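Some notes on the structure that comes next.
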Amino acid sequence: IQERLHQDVVQCIADNGDISSFTYFDKLPLMNAFIKESMRVRSSAPLIFITTEKDVVLGGVEIPAGTDIYAHNGYLSRSDKHFKNSQAFNIDRWLDKSIPKCEHNEKAYMPFSNGSTFCPGRNLAFLQIQMYLFNIAKKFKVIKSDKTGEVSEHYHIGVDPSDIYVSLKKRN
């Protein structure tokens, strides 16, 4: 995948020149698919915090008004009900428009939440991710270190991985 991303960025630069506007990233569907699949599999902000405004029944459970609810928004995007082979990292699922909706339900993909809890910084965050990944893919090869152990996640307002060590090797 890393080599595909590098070649996509190099080809885009050859066709369009270096970055000249924000719309430039629309010309990199492979990179955007990589970002979406990364956030589908491991959202950096997987928890949604909401408070019920009125009494509701959810899945047969009565929830009174004023109840704090903490939901894991990554659950739907990692369910085979919404994404075929959901545990597999597959960027092509975002590129192949012929995949039936029952195998690829984009409505179940909510790394920035949805509705009234939608993150207002979504577009800025996505742009920052695009800029970062574009420059890494263009200039470097990412190499996993032998020090990388069993990866785990530490939750707080977001989620951070642990025991991941990489180095960047400059490309020619």
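Placing R0 at 30 angstrom, the Cβ-Cβ distance between Ser20 and Phe118 gives a FRET efficiency of 0.55 after rounding to 0.05. For the stretch 70-172, trypsin sites (Lys or Arg not before Pro) are listed when DSSP marks them as loop and at most 16 other Cβ atoms sit within 10 Å of their Cβ; the list is Lys81, Lys84, Lys97, Lys101, Lys147, Arg171.
In this simple spin-label model, placing a label point 7 Å from the Cα along the Cα-to-Cβ direction at both Gln128 and Ile69 gives a separation of 2.9 nm.
Summed over qualifying helices (DSSP H, 4 residues or more, each -39500 (n - 2.57)) and divided by its residue number, the chain shows a 222 nm mean residue ellipticity of -9000 deg cm²/dmol. Note on Phe140 and Ile13: their simple-model spin labels are 1.5 nm apart, each label 7 Å out from Cα toward Cβ. For the pairs Lys36/Lys84; Lys27/Lys81; Lys36/Lys147; Lys27/Lys170, note any where the Cα-Cα span goes beyond 22 Å. Those over the limit are Lys27/Lys81; Lys36/Lys147; Lys27/Lys170. Once the Cα-Cα distance is subtracted from the 0.36 nm per residue extended length, the Asp163 to Thr51 segment shows a gain of 36.9 nm. In sequence order, the stretch 159-169 has phi-based couplings of 9, 10, x, 10, 6, 10, 10, 9, 10, 10, 10 Hz under the Karplus curve 6.51 cos²θ - 1.76 cosθ + 1.60, θ = phi - 60°, and Gly or Pro positions carry x.
Legend: P(r) of the chain from all alpha carbon pair distances, 10 Å bins from 0, whole percents, reading 8, 29, 35, 20, 6, 2, 0. A compact globular protein would have a Cα radius of gyration near 2.2 N^0.38 Å; the ratio found for the stretch 122-172 is 1.40. For chymotrypsin sites (Phe, Trp or Tyr not before Pro), the sites in the stretch 81-163 that DSSP calls loop and that have at most 14 other Cβ atoms within 10 Å are Phe89, Phe118. Using a Gaussian network model of the chain whose springs link C-alpha atoms within less than 10 Å, name the residue from Met31, Met110, Met131 with the highest mean-square fluctuation. Per the Cα network of the chain with a 10 Å cutoff, Met131 tops the list.
We did not get these values from a lab; they are worked out from the coordinates using the rules stated. In this text, all values refer to a predicted model and were calculated from it rather than measured experimentally. We place every Cβ from the backbone using ideal geometry, glycine too, and count neighbours over all the protein chains shown.
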